[in-house]
Amino acid sequence: MSPGVRRFDVAVVGGGSAGLAAAITAARSGARTLLIERHGFTGGMGTASLVHSFCGLYLLRDEPGAVLANPGFSAEIAERMIAATGIGPLRVGRVDVLPQHPVDFVRIADEMIAAEPTLELMLHAEASAVERDAEGWLLKIASRSGAVEIFASTLVDASGDAMVAAWLGEGFTMAAATQLQRPAYVFGVHNPSVMGDAMRLRTSGLLVEGVRSGIIPSTALGLSFRESGRLGEIFGTIDLTGGDTAGDFDPLDPVCLGKLEVEGRRIAATTVEWLAGRDDTWKGSYISHWPVRAGIRESRRWLGEAVLTGADVLAGKRFEDEIALATWPMEFRENAKGPKLRFPENNRPCGIPAGCLKPRGMDRLFVGGRCISADHDAQASIRVMGTCFATGEAAGKMAVDALG
Amino acid sequence: MGTRIALFARMDSSKQMSPNPTELIDWMNGEGLLELDWDFPEDGDLFAAGLDSMAVMQLVVAVEDEYGVELGPDDLTRENLATPTTLAKLIAGKSS
């Protein structure tokens, strides 16, 4: 190791919901922590991809009223978000979700990070390679200033794509292209009307009418709209199909992903323009912003000491060494026809064992977020932000404990 | 979904008669539009059972395909879509 290399106790790769939780948790124990994030703010799916609900925060229950599933970081974020938006949890069908606003999420994350003196935030940077040495990890980080190398005693992979496994060339798996969950493309719309139930249903009819008449693309039937909680603003969401042929879909390939995003913008722009001219409830509407990137739901998954399975989630299995509870039903979006939900028996939460956060045969390395060790089915439950806060927090704690 | 769109404007003689509420429940399950229990009541709440705006779009497309009935924006109210009974009534009213 060259003498100029900066040393940290814990380095966290990726500042999405899991990385944020991991880094803040590690820093709160006094560990010198580095959080590396490729965008100009943290929050990942909940900010850069405009995903505007925290799912997985609450237990499934038939009775009214939302009950938090995991104490700690998830509960803290929920409390801060409710204070910022003034909007509490919402029952949608059988699940409770917390509407969240990406603009508020960025500020909340900024403030929480700034409150930790031992946490260094490195935005606009991407780790690009990793090397194991006797005491820990050497991490190469690329940015516009060039490449730097840092040392960390323990490492948390919160990249969402199991990037550390990719660099090491081992320890991960990935579903076939046809089976992978499809990405979401979320965009902001200015709409002077107040979007309620009636307008949402009416809009469904308008979209079918537009497709029927051949004016808007048939993929617009994968579109849904929801009020953002701010006056005059709604979010549109499209489930992208994954390209001309489903077998070509690769969420890790920048060219493939970019094409999907271009297609998402084409569908959104054509549709909103048509709606604005067609119906009074959409008069004066326009697209006000695009996401930084599409919302990827699934890519590489780590192979850990334990692998959570779909059967575990359905049965609501519990584990002695569980570090968090997964409560979101398995939500399959393997095509653009809307979600298919699989609920567990009797609304039971499923434990996530610590082994899902420990890559097989590697020490001083932990995983948080959507790429923890789970099969394709279980991943459809644990991937949501509410659960990623909890697994990220646990990964941060485990990284500190491993310092000895 | 693509194949279904292609069927849109085609009128064919194989369209089914207006369904009763129980037939509608079986049909929605069979089409994968919703997953309703076998004993889902005729006046059960379809919205609580997962009928969201995207499922409504698929329903409109499937209803046209199966029953030859075009549902428009004005038809898609909470009242009309509330239960299998109200939905059957809406389809029957449109096909007469």
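Each reported figure results from applying straightforward, stated rules to the coordinates on display, with no laboratory input. The structure displayed is predicted, hence computed values, not measured ones. For neighbour counting, all protein chains shown are included, and Cβ atoms are generated from backbone atoms with ideal geometry for every residue, glycine included.
Which three lengths, in whole Å and largest first, does segment A:330-378 cover when its Cα atoms are put on their principal axes?
Cα extents, longest axis first: 41, 28, 13 Å.
Once the Cα atoms of helix A:197-212 and of chain A are each reduced to a long axis, what angle between those two axes, in degrees from 0 to 90 to the nearest 10, is obtained?
It is inclined by approximately 80 degrees.
Taking the Cα atoms of segment B:38-96 alone, what are Rg (to one decimal) and Dmax (as a whole number) in Å?
According to the Cα coordinates of segment B:38-96, Rg and Dmax are 11.0, 31 Å.
In Å, the Kirkwood hydrodynamic radius of chain A over pairs of distinct alpha carbons? Don't jump to the answer; show the numbers that get you there.
Values: mean 1/r = 0.0464 Å⁻¹.
After inverting the pairwise mean of 1/r, the radius is 21.5 Å.
Tell me which chymotrypsin sites (Phe, Trp or Tyr not before Pro) from segment A:97-190 have a DSSP coil assignment and no more than 11 other beta carbons within 10 Å of their own. Provide the component values of the computation, followed by the final result.
On the way: sites: A:Phe105, A:Trp137, A:Phe151, A:Trp167, A:Phe172, A:Tyr185, A:Phe187; in loops: none.
Nothing satisfies the criteria.
Find how many whole Å separate the alpha carbon centroid of segment B:37-69 from the alpha carbon centroid of segment A:254-297.
Result: 27 Å between the Cα centres.
Calculated from DSSP H runs of 4 or more alone, at -39500 (n - 2.57) each and per residue, what is the 222 nm mean residue ellipticity of chain A, nearest 500?
Working: 9 runs with 115 residues, N = 404.
Mean residue ellipticity, 222 nm, calculated: -9000 deg cm²/dmol.
To test your reading of the geometry: what angle, between 0 and 90 degrees and rounded to tens, separates the Cα axis of helix A:254-278 from the longest principal axis of chain A?
30
To check you understand DSSP bridge types, tell me what percent of the beta bridges within chain A (both residues inside) are antiparallel, rounded to 5.
Working: 45 of 64 bridges.
Close to 70 percent.
Average projected area of the Cα convex hull of segment A:134-257, in nm²?
Working: hull surface 50.1 nm².
Over every viewing direction, the Cα hull of segment A:134-257 projects on average to 12.5 nm².
Angle between the Cα long axis of helix A:385-401 and the longest principal axis of chain A, 0 to 90 degrees, nearest 10?
Approximately 10 degrees, to the nearest 10.
Quick one: check the C-alpha center-to-center distance for segment A:164-202 versus segment A:371-404, whole angstrom.
Cα centroid of segment A:164-202 versus Cα centroid of segment A:371-404: 19 Å apart.
Give the Kirkwood hydrodynamic radius (Å, one decimal) of segment A:47-177, defined as one over the mean of 1/r across all pairs of different Cα atoms.
On the way: mean 1/r = 0.0558 Å⁻¹.
Computed over Cα pairs of segment A:47-177, the Kirkwood hydrodynamic radius comes out at 17.9 Å.
Just list whichever of A:Lys259/A:Lys397; A:Lys317/A:Lys340; A:Lys259/A:Lys340 have alpha carbons separated by over 28 Å in the model shown.
Violating the 28 Å Cα-Cα cut-off are A:Lys259/A:Lys397.
Average the reciprocal distances over every distinct pair of alpha-carbons in segment A:1-116, invert the result, and give the Kirkwood radius in Å. Working shown, then result.
Values: mean 1/r = 0.0651 Å⁻¹.
In segment A:1-116 this quantity evaluates to 15.4 Å.
Within a Cβ distance under 10 Å of A:Trp137, other residues only, what is the Lys/Arg minus Asp/Glu net charge? Before the final figure, lay out the partial values.
Numbers: positive: A:Arg132, A:Arg364; negative: A:Glu131, A:Asp133, A:Glu135.
With Lys, Arg at +1 and Asp, Glu at -1, the net is -1.
Give me the distance between the Cα centres of segment A:114-151 and segment A:36-55, rounded to whole Å.
20
Determine, for each peptide in A:62-68, B:32-38, the mean count of other beta carbons within 10 angstrom over its residues, then list the peptides with the highest first. Could you put the intermediate results ahead of the total?
Numbers: A:62-68: 11.3, B:32-38: 14.4.
In decreasing order of mean packing, A:62-68, B:32-38 become B:32-38, A:62-68.
One-quarter of the Cα convex hull surface for segment A:184-289, in nm²? Don't skip to the answer; put the middle values down first.
On the way: hull surface 27.0 nm².
The directionally averaged projection comes out at 6.7 nm².
Beyond 14 Å, what share of the Cα-Cα pairs of segment A:275-337 remains, rounded to the nearest whole percent?
Numbers: 1494 of 1953 pairs.
Of all Cα-Cα pairs in segment A:275-337, 76 percent lie more than 14 Å apart.
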